[in-house]
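Laboratory data are not the source of any read-out in this text; all were calculated from the coordinates shown. If you're wondering where the values come from, they're calculated on a predicted model, not measured in any experiment. Virtual Cβ from ideal backbone geometry, glycine too; neighbours counted across all protein chains shown.
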Amino acid sequence: MPELVRIDKYLWAIRAFKTRSEAAEACKGGRVKVGGDSAKPSRPIHEGEEIKVRKGVITYIYRVIRPTENRVGAALVPQFAENLTPEEEILKLKAPVETFQLQRDRGTGRPTKKDRRELDELWDTLLED
């Protein structure tokens, strides 16, 4: 029987995340799904399973070819995972980033605490979209 590999270790091993801590946090935050269900960091993975990982605006999809808990070189990743991410998702990386500038009237001084809260709220709503 093959050895069971934790999903956080596997995602780190196939270089989906830079650190295992980041992989575990993504699992805890509900950004990693297997079979439509959120995966806990300790969930074991098996050959043939599809893993969806949301990083920023992109949802990456990987199929497990062979479980491993040892980090592999970038050239060896295709032996352990197949990247099924649709082209539309990858194109989101190249999409232009919308920028905007807030302008204050000259001579109004520094923003008050209330002004800063309103600016922060506006900024948060723009980033969510």
Check on ALA75, over 11 Å from ILE14 (Cβ atoms), hydrophobic (A, V, I, L, M, F, W, C) and loosely packed, with under 14 Cβ neighbours inside 10 Å: yes
Residue list for segment 29-60, filter: of a type in the set (S, T, N, Q) and either under 11 Å from TYR10 (Cβ atoms) or touching a residue at least 24 places away in the same chain (Cβ under 8 Å) (or both): SER42, THR59
Complete set of residues in segment 106-121 that are assigned to a helix (DSSP H, G or I) and either free of Cβ contacts under 8 Å to residues at least 12 places away in the same chain or of a type in the set (Lys, Arg) (or both): LYS113, LYS114, ASP115, ARG116, ARG117, GLU118, ASP120, GLU121
Count of segment 46-72 residues which are within 30 Å of GLU128 (Cβ to Cβ) and assigned to a loop (DSSP other than H, G, I, E, B): 2
